[in-house]
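Structure first, then comments.
Just so it is clear, none of the values below were taken in a lab; they were calculated from the coordinates. None of these values were measured; they are calculated from a predicted model. Neighbour counts are summed over all protein chains in view; Cβ atoms, including those assigned to glycine, are modelled from backbone coordinates with ideal geometry.
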Amino acid sequence: MKLSIQSLTIQEVEKVHETLMAWLLDDPSEGVLDLGSVERIDMCGIQLLLSLKNSLNEMGITLHLSGLSSYLVDSFNLSGCTPILVSHNE
Amino acid sequence: MSEELEYFHEDAKDQLGFMEQALMDIVEHGVNDEAIGAIFRAMHTIKGTAGMFDFNAIVAFTHIAENLLDSVRQKKVSLTEALIELLLHTKDHVEELIHAAIADIPLSQNILERDENLRRSLLDALNTTSDSASDISIEHHPSEEFSEEETVWHISLRLKEDFFKTGMDILSVFDFFGSMGEIITILPITDTIPTLDSFDPLHPYIGFEIFFLSSASIADIKEIFEFVEEDIELIIFSSDDTVQLKNLIILRPEVAGALEEASLYRSALAHDDDTGDGSDIPLTAINEPSSQSIPSNTTQIIAIPNIKGEESEKTILPKSSFLRVDFQKIDVLINQVSEMVIANAKIALISEKYDDTDLEETTASLSEMLDNLRDAVMNIRMVQVEESFAKLRRNVSDVAKKLGKSIDFSIAGGETELDKSVVEKLSDPLIHMLRNSIDHGIENKETRLASGKSEQGSVVLRAYPDSGSIIIEIEDDGRGLNTQLIRNKAIEKGLISAQDVLSDEMTNMLIFHPGFTTAETISDISGRGVGMDVVKQNIDALKGRINIVNRIGEGCKFVITLPLTLAIIDGFLVQAGSTKYIFPQDMIQEVVEFSQHSCVEIGGSLLLNLRGELLPLLDIKHYFKDTESVSFPRQNIVIVRYGSYQAGVIVDELFGEQQTVVKPLGALFRKVPGISGGSILGSGEIALIFDIPALISYVIQNDKR
């Protein structure tokens, strides 16, 4: 699924939460989340991705994040979440 | 403005103030490491905190200044007079950048040009003196900035319930770590993050274990979290401290598994060869009791329970003892206390009607508690004048430099406390008076030497408490006011006529008249005749008075007398005729019974013979033209003192001391001379509060005439 937003921060996180919930109910079987249009992320957004990963894990699906900009990778690195969110995907 | 942004603003103002003071210290007392450290820290802190708010223009500029200051700190660059001047301009510029960033307004062309020029000058200063410091890219170079002994700190961080709602992103805080050292690893603790169906997007589930290599102290690291300290739980200790690690794991068991999985603890300890038996501790085994106490180099914002778990042992938190509070919140508190004072006066009045000892004792006890509460609340508003005074050193230095005069400027009594609102409004008048002293008062070098004075002029700014007031003096050793010249100018401008007979003191006071100036040339410093009248207006607005003590050829002293506070005072209630009045208690010297024998009338003025000393006497009913006939068994004289002056005020009945909430008078009564405000009594009656300086001034001038 492509997340068509520029920013995944505290301002958008509730809305994105709903979008992701709808995705889980629809067809998340591929487990690919395209973050190609996301230009900005904060800890709220990263935490949401971690929760998504947990949900997919429960369904036996591995989360793959695609379209990661260097900014997003830097942010994951800064939060220490790269090994959880990225290393097994890319 | 968000609370965090407001905090940033206040903190940045403080930092810039420290920077300016440190620079002025160096100007006055020579280079010292402490001052250089303070200047560096100011730029360093502003850069870091500005980064948290994405104020990139500030970050980029302060980074350059910080690099230069780091070189100064490392003695690679000498702190010359020109560099101090440049750093003062840098401080001013950062102030403007912050102002623009907070107001969210684009930088003007002027500011941008200045930004460019200052950057170039800062870079030049850096490049001309040090080859190694020429790299001034935005990348941080922690190893260059911190060359002292480094420690691997273990920082265990948890975010509280409302953390995200503060609007702060913890990633910005982590980013700032880079300016103080090197983050070896950040290990997120994600155990409690639920699946999406039970996920609350605004709840912080995540925690962090951070290993940070730095020469910074625990206090320095804590400062990074200063903006969010209320919304986090933080434990910091040296990573080679296995006792602390055990304590942490008992408190936060999830840490053990996470650290072991990531092999982080061993990695962190590897930075220290002297780890003893701690280097290979199996983390699953260290969750065992220990009787060792928490060492002093540990900080924690939460309490760690003692190891035996018998009872919770709270460690004293090494937090700052200061709390920033919005001034308006204190005003709300003061208003509430004011209302309580009025209500209490009413209760006291009611209790007098009943012959009930319990009621009277309870009322007395309540009054005492309220007295203490009032003092405590009013004390919150009191600030030392030192900080405000210290900022004036820069003004004095600038003016002296501009005029080519050498000035020894000293400050005395900086510890004197004054209501914060008064201090803030005092700044402009003081700046103007100091400028005048240097411009008009202090002579040029040649004149001073010719008159036997030292080459360097002296200007002293001092503060001290006196009779419930605060006195602020500006004294110089210059030429003094030329009273004859002032008189001639006043006649020329039609302020007085040639026939008017004025004392020297009254003549000198004419300089406060709007449009008055004796300066032959108009400079951008003074001499426009605009200013001294505004100075007086400002002092008047603070319910203060200004006097001049002049010594022709020797110097001049301006004496400002200000009330200690403007909100609640200790008053002394009296009645004269049909009206109740309140004397500010601090200004009362004594009360004597009125007797015709002790009073004399000389030249139309009434005088009191007080134990052989003649004091001017004011019949208040006569002064306010109160013709209503009310009879009293006796009359009294209240002796009041203001500065070095004394006077007696004839009143009728004395009611005694009482807390007085000062209420402003309506527009109609605001300019009644001799009255500074009103107060509501417990009975609901209004009492007028005497403006003692104005009354004394009236009787003295009456006598002189």
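Could you check what % of the DSSP bridge pairs in the protein assembly as shown are antiparallel, to the nearest 5? Approximately 85 percent, going by the DSSP bridge assignments. Summing charges over all other residues whose Cβ lies under 14 Å from the Cβ of B:ILE155, with Lys and Arg as +1 and Asp and Glu as -1, gives -4.
For B:LYS543, B:LYS391, the sequence from fewest to most other C-beta atoms within 10 Å is B:LYS391, B:LYS543.
Computed over chain A, the alpha-carbon pair-distance distribution with 5 angstrom bins reads 3, 14, 29, 29, 19, 6, 0, each value a whole percent.
Shape analysis of the protein assembly as shown based on the Cα gyration tensor places the equivalent ellipsoid semi-axes at 64, 37, 24 Å, largest first. Each Lys or Arg adds one and each Asp or Glu takes one away; over the other residues whose Cβ falls under 13 Å from the Cβ of B:VAL651, this sums to -2.
Counting only residues at least eight positions apart within a chain, or on another chain, the lysines with an alpha carbon under 28 Å from that of A:LYS53 are A:LYS2, A:LYS15, B:LYS160, B:LYS165. Full extension of the segment from B:GLU260 to B:ALA219, taken as 0.36 nm per residue of separation minus the current Cα-Cα distance, would add 11.9 nm.
Quickly estimate the mean residue ellipticity at 222 nm for the protein assembly as shown, helices only: each DSSP H run with n ≥ 4 gives -39500 (n - 2.57), and the total goes over all residues, rounded to 500.
Details: 26 runs with 330 residues, N = 795.
Result for the protein assembly as shown: -13000 deg cm²/dmol, rounded to the nearest 500.
Taking each residue as 0.36 nm, the span from B:GLU85 to B:GLN328 lengthens on full extension beyond its C-alpha to C-alpha distance by 83.8 nm. Past the 22 Å Cα-Cα mark, which pairs from B:LYS405/B:LYS536; B:LYS453/B:LYS557; B:LYS425/B:LYS671; B:LYS580/B:LYS671; B:LYS329/B:LYS580? B:LYS405/B:LYS536; B:LYS329/B:LYS580, as the Cα separations exceed 22 Å there. Provide a whole-number value for the mean count of partner chain Cβ atoms within 10 Å of the Cβ atoms in peptide A:45-54. Rounded to a whole number, the mean comes out at 6. Distance between the pseudo-spin-label points of B:LEU485 and B:GLU339 (7 Å out from Cα toward the beta carbon): 5.7 nm. For the pair B:ASN372 and B:SER427, a Förster radius of 22 Å applied to the C-beta separation gives a FRET efficiency near 0.10, rounded to the nearest 0.05. For A:VAL73 and A:LYS15, the FRET efficiency from 1/(1 + (r/R0)^6), where r spans their Cβ atoms and R0 equals 30 Å, is about 0.80. Note down the net charge around A:SER75, summing +1 for each Lys or Arg and -1 for each Asp or Glu among other residues with Cβ under 10 Å from its Cβ. Around A:SER75, the charge tally is -3. Other protein chain C-beta atoms within 10 Å of residue C-beta, averaged over B:167-177: 4. Look at the stretch A:13-21: the mean tally of other chain Cβ atoms within 10 Å of its residues' Cβ atoms is 2. Full extension of the chain between B:SER683 and B:GLN537 yields a length gain of 49.0 nm, computed as 0.36 nm times the residue separation minus the alpha carbon distance. Each of B:LYS580, B:LYS625, B:LYS493 was scored by other Cβ atoms within 10 Å of its Cβ. Arranged with the fewest first, they read B:LYS625, B:LYS493, B:LYS580.
Once both labels are positioned 7 Å from their Cα atoms along Cα-to-Cβ, the gap between B:THR357 and B:LYS13 label points is 5.5 nm. On the beta carbon distance between A:MET1 and B:GLU554, with R0 = 60 Å, the FRET formula returns roughly 0.10.
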